[in-house]
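Colleague: Let me begin by handing over the structure; questions about it come next.
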């Protein structure tokens with residue numbers, strides 16, 4: 001087991017490069033189930049979740065090579081349809097194999113998903129949509145068992161916007177007979193990325209990035225070569241917040257400013273300078289940020305995956321901040337650890353009331369989930385003294401070498417085995 005140690009109190013300065021997006025590459029990998037041949041990718045992040053998806057695809061018959069950001073997936077011999085509990089329990093995105101397995105093999109048996117401890121995230125919308133397309137769905141001993149003699153297009157009216165639900169329906173409807181309409185579809189950039197990839201395979205997907213996606217099924221899909229995975233907007237956002245701490249000054253490259261509008265606006269309100277550059281974004285922090293209120297919302301609103309990191313900044317702000325979590329109301333497990341460092345946070349329902357303090361102090365702290373781990377790393381950078389962060393395997397699920405990248409821009413950060 002490893003821990004991360006941080007000697008904080010110093011602003012970060014320099015240039016930092018963003019890796020490929022975790023939330024984009026996982027559905028792209030699942031999409032390879034739909035064709036027979038060799039698909040290849042560049043800019044693939046080396047993450048625990050990516051390695052888990054590699055293992056899962058290999059179990060169902062794929063052959064995969066992955067090295068230095070390049071990946072090939074040979075899907076020719078995919079012939080198994082079960083995604084076992086031991087893998088799916090560690091990563092919610094494993095459920096993305098459900099749709100394409102039904103589409104290709106006419107059957108799937110996928111364990112109900114696990115992942116971060118941020119509250120219940122049911123897949124009822126996935127099952128509802130797949131049923132409308134013609135799948136027979138049963139729940140047996142913690143597994144979703146689905147069969148379909150033939151998938152046919154239909155109208156999928158999601159009750160709530162769901163990213164993985166939208167992706168799962170896209171991954172089955174592309175080779176269903178006829179037209180499928182997804183209503184109240186998720187609008188995230190990762191949805192657009194998946195649609196573009198599927199269209200490069202030969203699919204007919206329109207409307208991605210809006211709340212209505214139209215899919216006309218095709219008979220066959222072909223492999224895609226050298227698809228470059230989009231940059232990770234949440235990693236970029238995490239580094240933007242890092243720059244706003246301790247009067248930092250970071251230029252963040254390989255990211256898209258247009259994916260980070262809500263966060264950029266809130267950082268500007270705190271007094272930070274946010275500048276669009278040719279290669280990405282530059283953020284310059286101030287001596288003491290202003291307190292602001294924000295509410296997490298589906299894209300293009302403020303992302304729930306940035307709530308914890310932004311809370312760390314608010315802990316050091318001048319004034320009172322109210323943070324409202326509407327996506328995952330239980331996503332406040334990091335607050336107890338921030339309090340251990342001297343933060344003043346009170347939870348009221350699905351909101352956190354943060355009274356900013358002039359400084360926080362180092363303490364032994366423990367990560368509870370992926371984004372919470374990032375917020376605690378940021379807190380360690382801002383704090384006086386040496387912070388010890390345990391359970392950092394959460395961090396490695398979604399950040400490719402975050403500690404090494406931060407070290408390159410001036411953070412005193414390192415790992416130790418215990």
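Quick note: the coordinates plus some simple rules give every number you see, no bench work behind them. These figures come from a predicted structure and were not determined experimentally. Backbone-built Cβ (ideal geometry, glycine too); neighbour counts: all protein chains shown.
Colleague: Gap in Å between the Cα centre of the range 362-418 and the Cα centre of the range 42-62?
Modeller: Centre-to-centre (Cα) distance: 24 Å.
Colleague: Can you give the FRET efficiency to the nearest 0.05 for residue 36 and residue 59, using r as the Cβ-Cβ distance and R₀ = 30 Å?
Modeller: Details: r = 18 Å, r/R0 = 0.59.
Computed FRET efficiency for residue 36 and residue 59: 0.95.
Colleague: Rounded, prolate or oblate: which one fits the range 22-228, using the alpha carbon gyration tensor with axes a ≥ b ≥ c (rounded when a/c is under 1.5, else prolate when a/b beats b/c, else oblate)?
Modeller: Values: a/c = 1.29, a/b = 1.12, b/c = 1.15.
Because its axes are fairly even, with a/c under 1.5, the range 22-228 counts as rounded.
Colleague: If you take the square roots of the eigenvalues of the alpha-carbon gyration tensor of the range 13-83 and sort them as a ≥ b ≥ c, do you get rounded (a/c under 1.5), prolate (a/b over b/c) or oblate?
Modeller: Working: a/c = 2.65, a/b = 2.15, b/c = 1.23.
Because a/c hits 1.5 or more and a/b exceeds b/c, the range 13-83 counts as prolate.
Colleague: Also, quick follow-up: Using Cα pairs under 8 angstrom and six or more residues apart, how large is the relative contact order of the range 247-352, in percent?
Modeller: Details: 158 pairs, mean separation 23.6, N = 106.
About 22 percent, as a whole number.
Colleague: Also, quick follow-up: Counting other beta carbons within 10 Å of each Cβ, put 166, 180, 253, 270 in order, fewest first. Intermediate results must be reported in sequence, preceding the final value.
Modeller: On the way: 166 29, 180 26, 253 18, 270 22.
Lowest count first: 253, 270, 180, 166.
Colleague: Follow-up question, since we're still on this one. For the pair residue 70 and residue 152, what calculated FRET efficiency results from E = 1/(1 + (r/R0)^6), where r is the Cβ-Cβ distance and R0 = 41 Å, to the nearest 0.05?
Modeller: Once rounded, the FRET efficiency stands at 0.60.
Colleague: Still on this structure, I have one more. By counting other Cβ atoms within 10 Å of each Cβ, how are 81, 414 ranked from fewest to most?
Modeller: Numbers: 81 22, 414 13.
Going from least to most buried by this count: 414, 81.
Colleague: On to the next question. Of the residues 160, 18, 357, which exhibits the maximal mean-square fluctuation in a Gaussian network model of the chain defined by a 10 Å Cα contact cut-off?
Modeller: Ranking 160, 18, 357 by mean-square fluctuation puts 160 first.
Colleague: Once the piece of chain linking residue 344 and residue 204 is laid out straight, how much longer is it, given 0.36 nm per residue of separation minus the C-alpha distance between them?
Modeller: Working: separation 140, 0.36 × 140 = 50.40 nm, distance 5.13 nm.
Result for the pair: 45.3 nm of gain on full extension.
Colleague: Still on this model: Quote to one decimal, in nm, the extra length available between residue 287 and residue 417 on full extension: 0.36 nm per residue of separation minus the C-alpha distance between them. Display every interim value, and only then the final one.
Modeller: Numbers: separation 130, 0.36 × 130 = 46.80 nm, distance 3.49 nm.
Separation in residues times 0.36 nm, less the Cα-Cα distance, equals 43.3 nm.
Colleague: How would you classify the chain from its alpha-carbon gyration tensor, with a ≥ b ≥ c the square roots of the eigenvalues: rounded for a/c under 1.5, else prolate if a/b is greater than b/c, otherwise oblate?
Modeller: On the way: a/c = 1.89, a/b = 1.80, b/c = 1.05.
Here the chain falls in the prolate category.
Colleague: Using R₀ = 22 Å, calculate the FRET efficiency as 1/(1 + (r/R₀)^6) where r is the Cβ-Cβ separation of residue 179 and residue 131; round to 0.05. Please list the in-between numbers first.
Modeller: Numbers: r = 17 Å, r/R0 = 0.79.
It comes out at approximately 0.80.
Colleague: Sticking with this one: Below 8 Å between Cα atoms, with a sequence gap of 6+, how large is the relative contact order for the range 22-228 in percent? Before the final figure, lay out the partial values.
Modeller: Values: 465 pairs, mean separation 42.8, N = 207.
Once divided by the residue count of the range 22-228, the mean separation gives 21 percent.
Colleague: Order these by the 10 Å Cβ neighbour count, fewest first: 17, 331.
Modeller: On the way: 17 17, 331 24.
By the 10 Å Cβ count, ascending, the order reads 17, 331.
Colleague: Restricting to DSSP H runs of at least four residues, report the calculated mean residue ellipticity at 222 nm for the chain, -39500 (n - 2.57) per run over all residues, nearest 500 deg cm²/dmol. Write out the running numbers ahead of the final one.
Modeller: On the way: 14 runs with 129 residues, N = 418.
Helices in the chain give a 222 nm mean residue ellipticity of -9000 deg cm²/dmol.
Colleague: Then there's this: Relative contact order of the chain, please, whole-number percent, based on alpha carbon pairs below 8 angstrom and at least 6 residues apart. Could the numbers behind the result be given before it?
Modeller: On the way: 1047 pairs, mean separation 88.7, N = 418.
Value for the chain: 21 percent.
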